[in-house]
Amino acid sequence: MGNYSLFSIVREGLRGNTGWTPAWRDPDPKPSYDAVIIGGGGHGLATAYYLAKLHGMKNIAVVEKGWIGGGNSGRNTTIIRSNYLYDASAAIYEHALQLWEGLSQELNYNIMMSHRGVLNLAHDDNEARQLKRRVEANRLNGVDAEYLGPKEIKEFCPILNTSPDIRYPVIGATLQRRGGTNRHDAVCWGYARAADALGVDIIQNCEVTEILTERGAVTGVRTSRGDIRTEKVASVTAGHTSVIAGMVGVRLPIESHPLQALVSEPLKPINPCVVMSNAVHVYCSQSDKGELVIGAGIDGHTSYTQRGSLDIIEHQMAAIIELFPIFSRLRMMRQWGGIVDVCPDASPIISKTEVGGFYVNGGWGTGGWKATPGSGHAFADLVANDTPNAIAAPFTLERFVTGDLVAEHGAAAVAH
Amino acid sequence: MFVITCPYCGERDQSEFAHAGEAHISRPTESETMTDAEWAEFLFMRDNTKGIHAERWIHAAGCRRFFNALRNTATDRFLAFYKIGEKPPEIDDVVPATPCGETVGSGNDAVKVERPPEAGR
């Protein structure tokens, strides 16, 4: 596998594209590894990549029950931002955003990162006050943030309905210009390719059915493709974190809910940014293919079915038409649901557990995608060194006992 | 979308109801002697079962009463509805599953092969 470059594209173009090789190997599981990462999504592959690159652990495997990027990585709305309220959250999401900014170059893979700006709308005075507070908090943490009035919003996103006559008028918004969207598959493929080049085994169609322990410490995993010995197991299985942790008897403060999104028929470029509204409950951006990608809140009930309820779609459509009357006759092409594991404080868990060698990265709730590189970076550090670094420290499991919660419901942009 | 049977009002659309979390978690009576870890267990830790799950619902737009339900969270099939204070009925939900035991109807269906139904809960 060579580097992708203008030269290689021209060379392969002249050779009839016969010289490309697979971007990563398809190895069978070895009998033992130094570490096994369960879950081949963005976070898991990023963890593997940073473990290999920064911590010198070359003998590691990522095991994935389906195909890489086939779970929540393929089911999100690809929105990137870091405008969280609290210092702990700002630290990890901003860390991620800074990594996103250079990721295409670092991985030698075009992740189609587009810093088109994210608007978070305010519809009443209380929300406007909270958003202004968040802008100040962001600036103190070095996160770019602006507060816009209706006129400036209209200039930034002309198709947004800023009339004062609608049921929930748009009275202001925060803008993070460095926020935006990227291409979810490309991120997974780019991380997989880069990790593979560093010697990481990416094993697909390999489901972990059991985690083997001895005297309170991990000794290996049992999979649908045989047993693998290892002293470190890192779970990065969003949606199913409770199921994996249950294999070693670890209880977590997590409930799994469906979160759904839908996509419209493709349009010419019309929506220049990402628009999110916490109050009327919709978020919308336009993909490079031209489809509007529209998300909503979680379903109230817990479930593992990867389906959403119709009443959420109805709610979401009502909100989108109020904010964007121009979309009223748009046809929706497809809808899907993913399972998000939600923590009581709407913040993730990056933690070791009472079982030696068993690490958990999960509970990202409704906003895991934007954190992918930062999450992998911090989690790799924890798995390699067995102690959380400064960024991961506020997100350990201890916070639920000490009460030192990172209550980010307001900045999560989705009602829980 | 669910059709939910309120034990007081009968069958209604899901939009009349709100989910109220895991059932049968009782508030501790001797809270003054509890450790922080015990509080964390009561407040935050949940089974989050994949399979037959006992949960509370409230008929928010109806009689406004709480009741319990058994639902298979891997298939979203409701198995029973019962009043608060009653014991959950013994129910075996026979679900086809994959060779490694994961139930069909969730997750990655492409890797799933049905095996003959045998196991219950």
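What Kirkwood hydrodynamic radius do you get for the protein assembly as shown when you take the inverse of the mean 1/r over all pairs of distinct Cα atoms, in Å?
Working: mean 1/r = 0.0411 Å⁻¹.
The answer is 24.3 Å.
Would you tally the net charge around A:A61, using a Cβ to Cβ cut-off of less than 15 Å, leaving A:A61 out, and scoring K and R as +1, D and E as -1?
Details: positive: A:R25, A:K30, A:K58, A:K65, A:R222, A:R225, A:R229, A:K232; negative: A:D26, A:D28, A:D34, A:E64, A:D196, A:D201, A:E207, A:D227, A:E231.
Neighbourhood net charge equals -1.
For B:A80, enumerate residues with amide H under 5 Å from its amide H, sequence gap 5+ or separate chain, H modeled in the peptide plane.
Excluding prolines and chain starts, which carry no amide H, the hits are B:L70.
Pop a pseudo-label 7 angstrom from the Cα along the beta-carbon direction at both A:L310 and A:A407 and give the gap in nm to one decimal.
Roughly 3.7 nm, to one decimal.
Could you tell me what fraction of 2.2 N^0.38 Å the Cα radius of gyration of region A:1-86 comes to, as a two-decimal ratio?
Rg over 2.2 N^0.38 Å, computed on Cα atoms: 1.43.
Using only the Cα atoms of region A:163-284, what are the Rg and Dmax in Å?
21.7, 66
Around A:P266, with a cut-off of 13 angstrom between Cβ atoms, what is the net charge of the other residues, counting Lys and Arg +1 and Asp and Glu -1?
Numbers: positive: A:K268, A:K289, A:R331, A:R334; negative: A:E265, A:D288, A:E291.
Here the charged neighbours net out to +1.
Taking θ as phi - 60°, what are the ³J(HN,Hα) couplings along region A:12-19 by the Karplus curve (6.51, -1.76, 1.60), each to the nearest whole Hz, with x for Gly and Pro?
Values, residue by residue: 5, x, 6, 8, x, 6, 8, x Hz.
Based on the Kirkwood radius over alpha-carbon pairs, what is the Stokes-Einstein translational diffusion coefficient of region A:220-319 at 20 °C with 1.002 mPa s viscosity, in µm²/s?
Diffusion coefficient, whole number: 129 µm²/s.
Just list whichever of A:K65/B:K50; A:K151/A:K268; A:K232/A:K352 have alpha carbons separated by over 19 Å in the model shown.
Going by Cα-Cα distance, A:K151/A:K268 fall outside the 19 Å limit.
Can you give the helix-only mean residue ellipticity at 222 nm for chain A, where every DSSP H stretch with n ≥ 4 adds -39500 (n - 2.57) and the sum goes over all residues, rounded to the nearest 500 deg cm²/dmol?
-9000 deg cm²/dmol
Describe numerically, in nm with one decimal, the distance between label points set 7 Å from Cα along Cα→Cβ at B:E86 and at A:H115.
6.0 nm
Considering amide H positions built from the backbone, and no H for Pro or chain starts, which residues 5 or more places from B:R65, or on another chain, come under 5 Å of its amide H?
B:H59
Of all DSSP beta bridges located in region A:28-186, what percent are antiparallel, nearest 5?
Taking every DSSP beta bridge with both residues in region A:28-186, the antiparallel ones total about 75 percent.
Using θ = phi - 60° and the Karplus relation 6.51 cos²θ - 1.76 cosθ + 1.60, list the HN-Hα couplings for region B:60-74 in order, rounded to whole Hz, with x at every Gly or Pro.
Per-residue couplings from phi come out as 4, 9, x, 7, 6, 9, 7, 8, 10, 9, 9, 9, 8, 6, 8 Hz.
When you count, for each residue, the other Cβ atoms within 10 Å and take the mean per peptide, how do A:69-75, B:79-85, A:246-252 rank with the highest first?
A:69-75, A:246-252, B:79-85
Taking the radius of gyration and the Kirkwood hydrodynamic radius from Cα positions alone, what is the Rg/Rh ratio for region A:258-390, to two decimal places?
With Rg and the Kirkwood Rh in hand, the quotient comes to 1.07.
Over the whole of A:293-306, what's the average partner chain Cβ count within 10 Å per residue? Rounded to a whole number, please.
Counting other chains' Cβ atoms within 10 Å and averaging over A:293-306 gives 6.
Using only atoms on other chains, find how many Cβ atoms lie within 10 Å of each Cβ of peptide B:47-56 and report the average.
5
Taken together, the values in this text are just the output of simple stated rules run on the coordinates, not laboratory data. Because the structure is a prediction, the values reported are computed rather than measured. Positions of Cβ are generated from backbone atoms using ideal geometry, with glycine treated the same way; all protein chains shown enter the neighbour counts.
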